[in-house]
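Notes to accompany the following structure.
The values are calculated or read from the model by the stated rules, or taken from the named source; none is laboratory data. Computed from a prediction, not measured in an experiment: that's the story for all the values here. No Cβ is skipped: glycine too gets one built from the backbone with ideal geometry, and neighbour counts run over all protein chains shown.
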Amino acid sequence: MTGGNGGPLVSVRGVHRRFGSGATAVHALRDVTFDLAPGTMTALVGRSGSGKTTLLNVIGGLDRPDSGTVLVDGTDVTSLDEDGLSLLRREKVSYVFQTFGLIPVLSAAENVGAPLRLARVPAAERERRVALLLELVGLADHAEQVPGELSGGQQQRVAIARALAASPRLLIADEPTGQLDAETGLSVMALLRGVVESEGVTALVSTHDPTMLALADRVIRINDGHLDQDPGQRSDGQVDQPSGTRSHGRLDSDGRGDS
Amino acid sequence: MLRLVARRARAQWPLLAALLAVAVVGPTLLGICALLLTRTAEQALETAASRTTSDQIDVTAYTVTVRGEDARSVADDTRAVLTSALAPFATTTAARASSVMRSFPDAGAPAVAYLSGVEDLPARTQLAEGRLPRAGAVPAESVVLESTARRLGLKAGSRVRLGRELTDDPDEGIEVRVTGIVRALPGTGWERDPLAATGHDPAYRDGRSAQPVHAYGPFIVDLADLLGGGSVLDRLEITAHPDLSAPDVRDLDTVTQAVLGADRRLGRTLGDRVRIQRVASLLPSTLLAGHEQQRVTTAAVLAVAAIGLVLTATALALAGRLSAGVRGDETVLLSALGVGRGQLAGAALIEAGVLAVLATAVAIPASSALHAGLTQLPPMDGAGLATPFAVNAAQVLSVAGGALALAAVLVVPSLRTPAAGVRGRRELLARSGADLLLVALAAVGWWQLRDQPAGSGSPIDAVRVLAPALLLIAGSAVTLRLVWPALRGVERLAVRARGFMVPLAAFEAARRPQAVAAGLLIGLGCAAATYGIGFDATWQRSQQDQADLAVGTDLALTLTAPPAAGQGGRVGAAVGGEVSPATDRGVAVGQWLGGAGDPPRLIAMDTTRAEALLRGRLNDGRTWNDVGAALAPPERAAGVPVPAGAALSLVGKATGGTPLTVTPRLLLQDVTGLRTPCTGAPIPLDGKAHRLPDCATAEGLRLVAVSLPFAIATGNVGTGYSNFLDELPAGDSRVAVTLTVAGTGTGTGTETGAGTGTEAGAETDAGTGAGRGSAEPSWTATSAGPSPGQLGRPAVALTGTSAGTALKMTTTVALKGPPDAARTLVATAFPAPGPVPVAVSARFAAEAGARRGSQLDLTVGLARVQVGVAEVLPAVPSAPNAAAVLADFDVLSRALAVSGDFDVPVDAWWVGRPVRADVADLRLGGVTTRASETARLTGGPLRAGLPAVLRLLVPAAVLLMLAGIVLHVTFDLRARAVEVARLRGLGMTRREIRTVLLGQHVGILLPLLAAGAVVGALATRLVAPLLVRADTGAAPVPEVLPVWPWAAEAVLLVGLLAGCALAVSAVVVVQARRADAAYLRVAS
């Protein structure tokens, strides 16, 4: 699977993002550059405040960089207006949030179907796909339950199913296991790994949990807004060579990120 | 803890400002109501008192039969009693006195005359000749009325000798010198003159003689001369007029009690110097009625205040709940840090206390300013209630008390700790119980209102004050329960939609845990606003209906003296429209005299023009024409035309040796239908023609009846006061009397009889048959009661000759029996009407046990009139609260005339569809119009507070509702900011998010507003009619019809919807703009 032009699905070049100004300004991202190959699962690691979420938001179009460019499937995210960004998120980029991001008044099935409704998918097709996705995440029996009636892990599974509903090219997951216990978190990551493989989606997952890194094709480390990229490791033993020249992700020798 | 509160206040000042804004509204409303109930109420009473007319506040003392030597002291003591009773108000007094009758030997016929003294004579008379009398002159100086002067041939300088007083201890007579001739000005009290200022009565009866005598007077002398001259006073009246131009309400109360006790005090003061004394005044009832009106207004103002408080409390409960929600995390944190519930409660109390103090500080000047502004607007400014900015103790106490009570409402939610499960279920249970309790209380309130006494004087009770608020809040709570199922229905429909925005909005609206307080506030606010408009319209309509029925016609001119023939023409010329004489007086029904001070009333007018003349709502689709048709005579009486100035003469003959006299009375009808008697002097039946002067006084008169009371000439004609006969007469005397109206006869006539015999057939006199809707002339003769057997074979014949129209009446007079027995022949231009058809009021029917077809005897004056009930009406025009009878004036006067009573009672002129109302210049009496009565009822000083406060309720409700909506939406969107941001994460544009949020909130607002409108409409229908009271405090008549002013309500609802949508839009737009990635950075 490749990007729109056969290259990387995501291409980040020289991205800067600063919050505030003057002496109190916080440089969340500093000259971040890297690519993501299609159909891969990349882990983004770093300490709290290192800029992970900012980077994810910039890539997903929820935030705009002060400088630099971000190409997602050939689309320059930084040049899009509000409607364009919304279209991007609706068609190409999906999110999975640490707090699951489910709409509390909707059932699991309705949450999963939300992107399909936004895409005005016919009801029959929508229902079929929702059933498939819930089956995929193992929640077929919980379709009518609202988020408040589900466990954290189940909610995150619903969130993943919803993220996959519109068949996005890029799935951004911001600390998807942050509120889950280790076992549940692992199962969620395994699910993400599975859907990357089964759906061919490209996943960029930020995480604190080093145990999750093993499931990633590649690990990118961010520190104080700088990308410190390590060749990482893939399940097949190959290492993705990052295109960035100054920010390189790196994994510890035991495969543990230092976030 | 204080530091925590202070720091939190600094950090959350917008929240606290919002709470303060909401908390200020209720106390402000309370402050305005307090000012209305204290300062404005006092001012209203004082203004109403200062606007009263003299007849409403004058206090008159009547004394009867005062010995000459006591006259001056009685007058002085009476003045002192009245002045003392009216203290501390400055009082002016005016006295009028009349002597007993004296013989008047210089008149040339049996006659009497009397002296009068009148204070302020220049204001009560117009000098036609000479000058007014001076005090202390010898002989006493006097002025006389023009008619007296004309009949006695008096002029300035004439000397008149009045004979001895007709008393048990007569004096030697008195001589007066006439210094001038005057005209009595109408409306200046002359109706209480012994001869009602006619100057002459050719057939005066005072019970001292079997035969009437001439009476002349008054010979008006200076009052001091009369009081000090030794004449026995027949009557002395002193009227005290208090100056109420700047009254104080406490002084008014003092005076009310003093005047009520003045009668007893006068009796004690005068002792046996007078035979009868009485103090009469409408002042106490006027002032007590003012208090009653104020009580009605007070109840309504308190009811509005209660609604305002409930609304504010609901808004504050919502605000408190929302702020508690916002501070939930903080509360949990503080609890976790070891802060106890007591400390949290203390902080909440401190904060609420500070808010209460601030709200009080803001609400006091705000309420004063708004109250001052309110009084500058109609109807209060028109009522003279405009007041400057002012603060009083009651207002401060109300505001502070209200603010503290409302602060308590604010505290309760903040004391709750977030929990779920059992307490949630307990809350639901409590809420259901509260709903049921509210419904039960509302039902009790409605029941109590429905069963409240119909009469006046009921005190202000909590039920009447709280019932509207209870009904509104119960209705809102119940309908709130129906809103959510309705939204669920919408949700089921929305789920089928293909897109996301509509279903999401519907899901959010239907599934999100709803803020009951917000829903209740919106529904209640809308209900209160719509109810305020509906109640106002209902109240206004009822006042108009009451005014219509109370006046009974478009313009009523209540006469102070019996009208003269032709007066209707002057009234018609002044105002235009349809003019009818009207009767409005108390009657007896058989032995039934009605309740205490509340006799059955007889209303009579020209029912052939009922639609043009009568006003007031009828039920069952009937019109006044329908009612009038059932009461009107079959045809108009034709009568004999009597041109103005026509000579009328009467000649009579009697057989037998007993000399007989007759004192003819003619009943003349003018163009307006007014029937007035013209009485001649006693005429001997000597075969000579005798003139009947002063009868043809106006154009368009028609002679419709003649009364001939025959009397045996007892030989006392020289003195007029001896009834002794040397020998009692016996046998019969055949008499024939012919009345000739000169210049009207052109042909032959008819002769008919009644009673015991008929003499001849009928012939037609074309000359007397003219007249609108009149039939051919047909005269009927009868012997009037109470001794109809004293006359035999009464008959009447109408003939027209070249000399005029002659009405020949014949009968046989039975001479046996008492000399003063009634022997009266009555000839009428109409047949005896039989029972007079009447329409009775529902109250009359209920109290007298009458129904359609019933026949009753009414005592009108001294005459008994048989009536038949033809209709039962809800109420009779001009007598809305009375047990009343409505009759046709023509038919009533026919019945009276046939019975020999020519004094047809006329108390007013009624005018339908007048084109002008400037009839006051005629000085005939008080003028009332429907418009003026409506204005009095709706805009009078004692009434204006109610519509004003109702108009205050509407903006207050709208304001609170909008504030509540803004608060709710703001807090809701703040709480859901992350969720909104996630929608963006899903790919929704800001526009789509705005649409969803707007759709959601408007989707909730719409049914809530609709539910509120339904509750407002139901309250208007069920409660408003029960709350409207008449100015007397009694249940209004006619029955109140609920009014739902569609246009005004539609404007309000559209405005509410637009306002709500605007408020929601503003918040939604801001929140949607803020809903960016910042809210998604929860994991960073």
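For the reader, a short list of remarks on this structure follows.
- The criterion of being touching a residue at least 12 places away in the same chain (Cβ under 8 Å) and among the acidic types (D, E) holds for B:D251.
- Of the residues making up the stretch B:14-21, at least one is within 30 Å of B:P955 (Cβ to Cβ) and free of Cβ contacts under 8 Å to residues at least 24 places away in the same chain.
- Matching residues, the stretch B:761-796, being at pLDDT below 75, crowded, with 19+ Cβ neighbours inside 10 Å and in contact with a helix residue (DSSP H, G or I) (Cβ under 9 Å, 6 or more places away or on another chain): B:P777
- Condition check for B:D171: modelled with pLDDT of 90 or more and of a type in the set (D, E): no
- The residue of the stretch A:81-96 that is farthest from A:A161 (Cα to Cα), among those that are within 7 Å of chain B (Cβ to nearest Cβ) and in contact (Cβ under 8 Å) with a residue 40 or more places away in the chain, is A:R90.
- Residues (free of Cβ contacts under 8 Å to residues at least 12 places away in the same chain, polar (S, T, N, Q) and more than 14 Å from chain B (Cβ to nearest Cβ)) located in the stretch A:24-74: A:T24
- Members of the stretch B:451-506 found to be part of a loop (DSSP other than H, G, I, E, B), under 34 Å from the mean Cα position of the chain (by Cα) and among the small types (G, A, S), listed by number: B:A454, B:G455, B:S456, B:G457, B:S458
- Output for the stretch A:166-198, where each listed residue is more than 10 Å from every other protein chain (Cβ to nearest Cβ) and over 25 Å from A:S48 (Cα atoms): A:S167, A:R169, A:G194, A:V195, A:V196, A:E197, A:S198
- Whenever a residue of the stretch B:340-352 is assigned by TED's automatic domain parsing to the domain that holds B:E330, it has no partner that is surrounded by 14 or more Cβ atoms within 10 Å (Cβ to Cβ) and acidic (D, E) lying with C-beta atoms less than 9 angstrom away and at least six residues away or across chains.
- Count of residues meeting criterion [out of contact with any helix residue (DSSP H, G or I) (no Cβ under 6 Å at 6 or more places or on another chain) and either in a strand (DSSP E or B) or modelled with pLDDT of 90 or more (or both)] in the stretch B:185-213: 8
- Those helices (runs of 4 or more DSSP H) lying entirely in the stretch A:80-166 with at least 3 residues closer than 19 Å to B:R492 by Cα: A:108-118, A:123-136
- Taken as a whole, the structure leaves A:D230 outside the set of residues that are at pLDDT below 80 and loosely packed, with under 15 Cβ neighbours inside 10 Å.
- Evaluated against (1) touching a residue at least 40 places away in the same chain (Cβ under 8 Å); (2) surrounded by fewer than 22 Cβ atoms within 10 Å (Cβ to Cβ); (3) in a helix (DSSP H, G or I), A:G178 falls short on exactly one condition, (3).
Let's see how each residue does on (1) of a type in the set (G, A, S); (2) touching a Gly at 6+ places or on another chain (Cβ under 6 Å); (3) modelled with pLDDT under 90; (4) assigned by TED's automatic domain parsing to the domain that holds B:V1023:
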| site | (1), (2), (3), (4) |
| --- | --- |
| B:L441 | no, no, yes, yes |
| B:Q448 | no, no, yes, yes |
| B:D461 | no, no, yes, yes |
| B:R464 | no, no, yes, yes |
| B:P468 | no, no, yes, yes |
| B:L472 | no, no, no, yes |
| B:A477 | yes, no, yes, yes |
| B:L480 | no, yes, yes, yes |
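A quick yes/no check of all residues on (1) away from chain A (no Cβ under 14 Å); (2) closer than 20 Å to B:S878 by Cβ; (3) free of Cβ contacts under 8 Å to residues at least 12 places away in the same chain; (4) not β-branched (V, I, T):
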| site | (1), (2), (3), (4) |
| --- | --- |
| B:A505 | no, no, no, yes |
| B:G523 | yes, no, no, yes |
| B:C526 | yes, no, no, yes |
| B:I533 | yes, no, no, no |
| B:D536 | yes, no, no, yes |
| B:D545 | yes, yes, no, yes |
| B:A550 | yes, yes, no, yes |
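- Of all residues in the stretch B:353-407, those being small (G, A, S), more than 29 Å from the chain's Cα centre (by Cα) and buried (at least 17 other Cβ atoms within 10 Å of the Cβ) number 12.
- Scope the stretch B:375-395; condition part of a loop (DSSP other than H, G, I, E, B) and either outside the structural domain of B:T28 (by TED's automatic domain parsing) or among the hydrophobic types (A, V, I, L, M, F, W, C) (or both); matching residues: B:L377, B:M380, B:A383, B:L385, B:A386, B:F389, B:A390, B:V391
- Candidates B:A1017, B:A1010, B:A1048 - the one that is assigned to a helix (DSSP H, G or I) and without any contact (Cβ under 8 Å) to a residue 40 or more places away in the chain: B:A1010
- Residue satisfying all of: in the stretch B:86-133; of a type in the set (S, T, Y) and under 15 Å from B:A184 (Cα atoms); surrounded by the fewest Cβ atoms within 10 Å (Cβ to Cβ) among these: B:T125
- Enumerated strands (runs of 3 or more DSSP E) restricted to the stretch B:660-713, each holding at least 1 residues that are hydroxyl-bearing (S, T, Y), at pLDDT below 90 and not assigned by TED's automatic domain parsing to the domain that holds B:V213: B:660-662, B:675-679
- Taken as a whole, the condition of being out of contact with any His (no Cβ under 7 Å at 6 or more places or on another chain) and touching a residue at least 24 places away in the same chain (Cβ under 8 Å) does not apply to B:A920.
- Unmet requirement for A:L116, which otherwise passes all of (1) within 22 Å of A:Q145 (Cβ to Cβ); (2) of a type in the set (A, V, I, L, M); (3) within 8 Å of chain B (Cβ to nearest Cβ); (4) within 20 Å of the chain's Cα centre (by Cα): (3)
- Residue that is assigned by TED's automatic domain parsing to the domain that holds B:R894, surrounded by 20 or more Cβ atoms within 10 Å (Cβ to Cβ) and of a type in the set (V, I, T), where the choices are B:V502, B:V579: B:V579
- Test: residue in the stretch B:223-233 that is surrounded by fewer than 23 Cβ atoms within 10 Å (Cβ to Cβ) and among the hydroxyl-bearing types (S, T, Y): no
- Test result for B:V872, closer than 25 Å to B:A556 by Cβ, buried (at least 23 other Cβ atoms within 10 Å of the Cβ) and not small (G, A, S): no
- Failed criterion for B:G720 (all others in (1) modelled with pLDDT of 90 or more; (2) buried (at least 18 other Cβ atoms within 10 Å of the Cβ) hold): (1)
- Test for A:S86: is it among the hydroxyl-bearing types (S, T, Y) and crowded, with 20+ Cβ neighbours inside 10 Å: yes
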